[in-house]
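Heads up, the thing below is written out as structure tokens.
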Amino acid sequence: MVAYKRPIGVNVDLETGVIPGAKKLVRRLSDLRGYFLDEEAYNELLKDDPVVYEVYAMEQEEKEGDLNFATTVLYPGRVGKEFFFTKGHYHAKPNRAEIYYGIKGEGGMLLQTPEGEVEWIPMKAGTVVYVPPYWAHRTVNTGDEPFIFLAIYPADAGHDYGSIKERGFAKLVIEENGEIKLIDNPRWKD
Ligand code: M6P
Ligand code: ZN
């Protein structure tokens with residue numbers, strides 16, 4: 001006999017990104033030590049230790065076939081020239097895919113294969129991004145208001161932060177002379 005779970009219907013607050021009843025996770029700048037290139041700018045900003053992003057997650061048991069969903073509220077800001085971003089991860093089960101849907105604000109997603117091939121997909125309200133199996137993914141807020149999006153991912157995908165934490169993505173998303181630019185990450189090596 002199948003033990004049926006109950007269906008869920010919730011309204012995401014499209015202004016704040018809050019999902020009623022979801023588990024809230026807060027990531028402050030201090031949780032992102034070592035992630036940004038400009039250490040001096042990082043240490044300066046650390047005095048205020050701002051919230052970089054919040055996640056509202058509705059997660060199921062880590063079982064094959066089930067789905068999780070979560071909103072992320074990624075605040076505007078920069079560390080030096082680098083825009084605020086989420087940690088970014090591969091999936092612990094690397095062949096698991098994911099869908100993102102833009103709700104508010106402006107930003108984009110950096111994706112990368114284990115070989116270091118990078119893609120940048122700009123996002124705004126209404127943008128759907130398909131994250132294929134095996135691609136690491138990180139979102140970046142390139143605007144001046146909170147960037148809010150929904151993510152839907154297999155319940156058994158899991159998060160693998162290891163290699164991204166160590167050397168980041170091959171590209172950095174920065175602001176220079178008022179422009180959004182992708183530049184090579186000097187800390188990234190094959
Ligand atoms: C999205 C999903 C979550 C993820 C969150 C924050 O909501 O992909 O699985 O946890 O973004 O990203 P990260 O875990 O890389 O900090
Ligand atoms: Zn993911």
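The values are calculated or read from the model by the stated rules, or taken from the named source; none is laboratory data. Computed from a predicted structure; not experimentally measured. We place every Cβ from the backbone using ideal geometry, glycine too, and count neighbours over all the protein chains shown. Quick note on the areas: whole protein, heavy atoms, side chains included, nothing else; ligands and nucleic acids left out. Shrake-Rupley method; radii C 1.70, N 1.55, O 1.52, S 1.80 Å.
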Filtered trypsin sites (Lys or Arg not before Pro), region 1-56: DSSP coil and at most 12 other beta carbons within 10 Å: Lys5, Arg33, Lys47
Whether the chain is rounded, prolate or oblate, judged on the alpha carbon gyration tensor where a/c under 1.5 counts as rounded: prolate
Within region 1-82, GluC sites (Glu not before Pro) in DSSP loop having at most 15 other beta-carbon neighbours inside 10 Å: Glu15, Glu59, Glu61, Glu62, Glu64
Positive-end residue of Phe85, Val129, Leu67, charge dipole of region 23-184 with Cβ unit charges: Leu67
Per residue value of the accessible surface for the chain (all protein chains in place, 1.4 Å probe), Å²: 54
Cross-link table Lys5/Lys165; Lys23/Lys181; Lys23/Lys63; Lys93/Lys165, entries beyond 26 Å C-alpha to C-alpha: Lys5/Lys165; Lys23/Lys181
Size of charge dipole - region 10-159 - debye, nearest 20, with Cβ of Lys, Arg +1 and Asp, Glu -1, no other charges: 120
Inter-label distance, nm, simple model (7 Å from Cα along the C-beta direction), Ile152/Ala3: 2.6
Reachable lysines from Lys47, criterion Cα separation under 19 angstrom, eight or more residues apart if same chain: Lys81
Where chymotrypsin sites (Phe, Trp or Tyr not before Pro) fall in DSSP loop in region 1-60, at most 15 other Cβ within 10 Å: Tyr4
